[in-house]
Amino acid sequence: MAKAIVEVPKGYEERAQFCHNKVARELLTLMERKKTNLAFNPDVTSANELLHLAKTIGPHICMLKTHIDLLQDFTPEVSKQLKEIAKQQHFILFEDRKFADIGSVAKEQYAGGIYRIAEWAPITNAHIIAGPSTIEALWEVAQPLGNALLLLAEMSSKGALTDTSYAKAAVQMARAYPDFVMGFICQKRLVDDPGLLHITPGVNLTSEGDTRGQQYRTPEKAILSQGNDIVIVGRGIYEAQDPAATAQMYRLAAWKAYEKRRDTE
Ligand code: 5BU
């Protein structure tokens, strides 16, 4: 019997139908409509600066990645305002919390404390180092809220221990929790599954790294050669003289690379 040929869609919006998770579907759809596969992380320490950058860079991005615990002046009003800006400007909030503890602690860190991450960030992430119980505990909090999780499969820093077998374990864990895990934080595409997103930090157009182990490549390399879906850019944008104009530059570079890949793959 002849084998059916299954066409795997390459376009972001067409891929949404393969996602079990609502947040992933929303993200892929808004990426295509807004024509951006750029995520921005303003790793700043002042709430006003964070909110200002969220507003000015918002039109260019599909996702705002935060480290909420960097803020020296966090109040619940900050997360409330971030949520409003995200809604107005059509991007999704991702708190890069990198949960790594045993389930019972990770669950409390996600739901409670002063940040109450689960209430305002539809996406967060977790290391797989402690095994699936971290994912299961986070899911208890996330399920009623409809939140999604990214697994840390690879890191961008020099000497990272996230080798091939580690990344493979992340893929297996993602497949075990399709309703919750929407993809990976990684350096390159790990699996040809249209329903899983590959989101990558370590991207810069003008620098190859910093003095503390960060390693960069261009948006084109990250998307076209390494098969990622979304590039995350921080200092490349917020340390530039004109962050909005620079964000637009990154946006175009990343989007062009996506179009080229989609049309040639
Ligand atoms: P940069 O300013 O573009 O270097 O910021 C990179 C961001 O991505 C920063 O918030 C890191 O916490 C985050 N990051 C990373 O750089 N490398 C990784 O492997 C992971 C996260 Br996981």
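The values are calculated or read from the model by the stated rules, or taken from the named source; none is laboratory data. Only a predicted model underlies this, so the values are computations on that prediction, with no experimental measurement involved. Positions of Cβ are backbone-derived with ideal geometry, glycine not excepted, and every protein chain shown enters the neighbour counts. Protein only, heavy atoms only, side chains kept; ligands, DNA and RNA dropped before computing areas. Shrake-Rupley method; radii C 1.70, N 1.55, O 1.52, S 1.80 Å.
If I stretch the segment between residue 166 and residue 212 completely, what's the gain in nm (0.36 nm per residue apart, minus their alpha carbon distance), one decimal?
Length gained, residue 166 through residue 212: 14.2 nm.
Work out how far the C-alpha atoms of the range 113-265 reach from end to end along every principal axis, then list the three figures in whole Å, largest first.
On the principal axes, the range 113-265 reaches 42, 39, 32 Å in Cα extent.
Excluding ligands and nucleic acids, what accessible area in Å² is computed for residue 115 using a 1.4 Å probe, to the nearest 10?
60
Quick check: pseudo-label points 7 Å beyond the Cα along Cα→Cβ at residue 157 and residue 17, how many nm apart are they?
That separation, rounded to one decimal, is 4.2 nm.
Pick out which of 31, 173, 63 has the largest mean-square fluctuation in a Gaussian network model of the chain, springs linking Cα atoms closer than 10 Å.
173
Using Cα-only point scatterers and the Debye equation, what is log10 of I(q)/I(0) for the chain at each q in 0.08 Å⁻¹, rounded to two decimals?
Here log10 of I(q) over I(0) equals -0.29.
Mind checking the range 8-87 for chymotrypsin sites (Phe, Trp or Tyr not before Pro) that DSSP puts in a loop (not H, G, I, E or B) and that have at most 12 other Cβ atoms within 10 Å?
On the way: sites: 12, 18, 40, 74; in loops: 74.
Answer by residue number: there is no such site.
So if each residue of separation counts as 0.36 nm, and I subtract the Cα-Cα distance between residue 245 and residue 49, what length gain in nm does that give? Mind showing how you got there, number by number?
Values: separation 196, 0.36 × 196 = 70.56 nm, distance 1.73 nm.
Full-extension gain reported as 68.8 nm.
For the charge dipole of the range 12-264, defined by +1 on Lys and Arg C-beta atoms and -1 on Asp and Glu C-beta atoms about the Cα centroid, which residue among 245, 174, 66 has the Cα displaced farthest towards the positive pole?
So the residue furthest toward the plus end is 245.
Starting from the amide H of residue 92, placed 1.01 Å from N in the peptide plane, find each other amide H under 5 Å away whose residue is 5 or more places distant or on another chain.
HN-HN under 5 Å from residue 92: 63, 64.
Which residue, chosen from 128, 103, 31, occupies the Cα position most advanced towards the positive end of the dipole of the range 1-130, where the dipole is computed from +1 (Lys, Arg) and -1 (Asp, Glu) charges on Cβ about the Cα centre?
The residue sitting farthest along the positive end of the dipole is 31.
On a full-extension model of 0.36 nm per residue, what is the gain between residue 252 and residue 225, subtracting their alpha-carbon distance, rounded to one decimal in nm?
Details: separation 27, 0.36 × 27 = 9.72 nm, distance 1.67 nm.
Taking residue 252 through residue 225 to full extension adds about 8.1 nm, to one decimal.
Please calculate how many Å² of accessible area the range 12-264 carries per residue, with a 1.4 Å probe and no DNA, RNA or ligand atoms counted.
Details: 11380 Å² over 253 residues.
Accessible surface, normalised per residue, equals 45 Å².
Across the chain, where is the longest run that never hits trypsin sites (Lys or Arg not before Pro) in a DSSP loop with at most 12 other C-beta atoms within 10 Å?
Numbers: sites that count: 3, 158, 212.
Of all site-free stretches, the longest is 4-157.
Determine the distance separating the Cα centre of the range 118-133 from the Cα centre of the range 166-243; give it in Å without decimals.
17
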